[in-house]
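Below is one structure, written out as structure tokens, with a few remarks after it.
The values are calculated or read from the model by the stated rules, or taken from the named source; none is laboratory data. All figures in this text were calculated on a predicted structure; none of them were measured in a lab. In this analysis, Cβ positions are derived from the backbone assuming ideal geometry, glycine residues included, and neighbour counts consider all displayed protein chains.
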Amino acid sequence: MKKNEKVKNEMKIEFSSKSANEAFARISVAAFASQLDPTIEEIADIKTSVSEAVTNSIIHAYPNKDGIVKVKANLYEDEIEIEVSDNGEGIENIDEAKAPLYTTKGNLERSGMGFTIMENFMDELKVESVVGLGTKVTMNKKIKRNIEENTY
């Protein structure tokens, strides 16, 4: 959570770790973020990052069973903070998992670029994980409003 700034609005959703729910999460967060009047590019960055984080939870946290994925988003004056968490297997080595092209699921044709994409599309990325307890990914994106919007 951002310090020294008041949350303007917040949302929480949770759903089964089924791949069909990835689109639900992506669209839900994008609709919520639209309150900040982001550009189409900013919305695309948010949607892609949420997709990557949720897909990671679905694929890696619960490989042989169903579980719950939680998505929480907070809106601030000019920023959205998104948390995607699970109570799955956890990540043994976060630095290794964040390395471009690293994947434990090569057999599923995974590219290993999820964290790299999140880091490039968002302004901040924090990954916390405990093996056997789960993972929480926190992403922040500043929304840059056009200050000259109403000038002639």
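Is it true that Ser34 is among the hydroxyl-bearing types (Ser, Thr, Tyr) and at pLDDT 95 or above?
On the way: among the hydroxyl-bearing types (Ser, Thr, Tyr): yes; at pLDDT 95 or above: yes.
Here the answer is yes, as Ser34 does meet what is asked.
Counting only residues that are polar (S, T, N, Q), modelled with pLDDT of 95 or more and farther than 18 Å from Asn21 by Cβ, give me the strands (runs of 3 or more DSSP E) lying completely in the range 39-152 with at least 1 of them.
68-75, 124-130, 134-142
For Ser28, indicate whether it is small (Gly, Ala, Ser), in contact with a strand residue (DSSP E or B) (Cβ under 7 Å, 6 or more places away or on another chain) and either in a loop (DSSP other than H, G, I, E, B) or surrounded by fewer than 20 Cβ atoms within 10 Å (Cβ to Cβ) (or both).
The answer is yes for Ser28.
Return the pairs, sorted by first residue and then second, in which the second residue is aromatic (Phe, Trp, Tyr), the first residue lies in the range 82-100 and is under 29 Å from Lys142 (Cβ atoms), the beta carbons are less than 9 Å apart, and the residues are 6+ apart or on different chains.
Hits for this filter: Asp86/Tyr62; Ile94/Phe115; Glu96/Tyr102; Ala97/Phe115; Lys98/Phe115; Ala99/Phe115; Pro100/Phe115.
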